4 protein chains.
Amino acid sequence: MSSSSSPTASRTAAGRPPAAELAALQRRLADFAVARDWGQYHTPKNLAAALSVEASELLEIFQWLTPEQSQRIMTEPDQAARVEDEVADVLAYLLQFCQVLGVDASAALSAKIDRNEGRFPV
Amino acid sequence: MSSSSSPTASRTAAGRPPAAELAALQRRLADFAVARDWGQYHTPKNLAAALSVEASELLEIFQWLTPEQSQRIMTEPDQAARVEDEVADVLAYLLQFCQVLGVDASAALSAKIDRNEGRFPV
Amino acid sequence: MSSSSSPTASRTAAGRPPAAELAALQRRLADFAVARDWGQYHTPKNLAAALSVEASELLEIFQWLTPEQSQRIMTEPDQAARVEDEVADVLAYLLQFCQVLGVDASAALSAKIDRNEGRFPV
Amino acid sequence: MSSSSSPTASRTAAGRPPAAELAALQRRLADFAVARDWGQYHTPKNLAAALSVEASELLEIFQWLTPEQSQRIMTEPDQAARVEDEVADVLAYLLQFCQVLGVDASAALSAKIDRNEGRFPV
């Protein structure tokens, strides 16, 4: 079983610590919500809405930027922190949505890539 | 390098094989795009927009459903397939966005949960 | 009282027929929904979700385009038709949302511009 | 020129004057942006992204509410003000998007309702 990732900020692929396993993140998210009795709000529809809202908050960071400014965004500490924060929120709601409905996100994506490799042969 | 995660978390009824780790999925997505020369479209801003669009497609499945109908959605095969397809798309664009910017999504979420456990003590 | 606009396609501001009044559009939308018993789905939350979904469908038209391609989009008939279709959908759900909650969208915007002229003096 | 619509729809407690026509709102929005040199940011793609972001901010108000709580939202002054603020923002970006591309939103919606009355006969 993979260990928990160290909670330092994100890094590039080169020399990255082991990624926290999605299942471990789902358990932490579920424990967090249960401990605070927030599960009552976590219906599939509400979680899909929250995921959509967070994805828009991520997009908002870029909405007035040129393509060139967008490429350099991680060089500005405040913007980099915003990006990581919204990425975390999007992943959080995606994982909670999947847990509530019993969907395995990684497996779903892996299967889709398999299908697309067939649909779009090189 | 971390091993593939074990699928102790949720599975679909079909007992699917172990979920691919996020980094492996990112490599497959990157190889797929490079082989078809699609990388030119994958600017951070475009990927953030695409992620937002897919999150809305996931929400669209639920937009006219009552909370009760939403809870039962995975019992209808056509709807279940749509849900998995959109979950795959959301995860795909999130991972591609993160790869282009060098963001580690799992680490970002793990760090955020750490912070939230401090902000919202039980 | 203004007359209904002629249902030709959209035009530029120069030589435009009178814009259909928002209230008249709201009446047509309400009559349409009542006649088909669709009002049961038109809760404020569902309408807000639908509005968000349509706004994403509008964004989707542009998601892989460069800024320059975006500027020229109305010169391509198929794309122009898509844009008008999604604009209609966004306006439709905004108006239905406003009607259900008793919000006057024009008045809300007019008041906001008043406030912004004070907040951002030239 | 069409007259202002009668405000049979809602008003604020302050007895606001007749709602401004869409074209008048577009002129005010355009003048506001030009005076502050903000037009450089108002590409069609950026405006579509901003519209999508504002639609999500409207949805966010409802994301954890039950259908019943959603129906009563205008009875709470703070929430009512948020709703009107986000409605204004959505309409603002829709109108600016339309102006930049020369799309007549009212005409597009009127035409679409005409088509739908044919597609979904009662």
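Nothing in this text is a laboratory measurement; each read-out follows from the coordinates by a stated rule. Keep in mind it's a predicted model, so treat the numbers as computed, not measured. Positions of Cβ are generated from backbone atoms using ideal geometry, with glycine treated the same way; all protein chains shown enter the neighbour counts.
Specify the inter-centroid distance of the range B:108-122 and the range A:95-122, based on alpha-carbon positions, in whole Å. Measuring centre to centre over Cα atoms gives 28 Å.
The mean sequence distance of close C-alpha pairs (under 8 Å, at least 6 residues apart), as a share of the length of the range D:16-109, puts its relative contact order at 43 percent. Taking the Cα centre of the range A:54-122 as origin and assigning +1 to Lys and Arg Cβ atoms and -1 to Asp and Glu Cβ atoms, the resulting dipole is close to 440 debye.
The mean count of C-beta atoms from other chains within 10 Å of the C-beta of residues in A:36-48, rounded to a whole number, is 6. Near C:K112, which lysines are there with a Cα under 28 Å away, not counting those fewer than 8 places off in the same chain? Reachable lysines: C:K45, D:K45. Expressed as a whole percent, how much of the Cα-Cα distance distribution for the range B:16-109 exceeds 15 Å? Considering the range B:16-109, 67 percent of its Cα-Cα pairs are separated by more than 15 Å. Count Lys and Arg as plus one, Asp and Glu as minus one, and take only other residues whose Cβ is under 12 Å from that of D:D78; the net charge is then -2.
Take each residue in D:72-82, count the other chain C-beta atoms within 10 Å of its C-beta, and the mean is 1.
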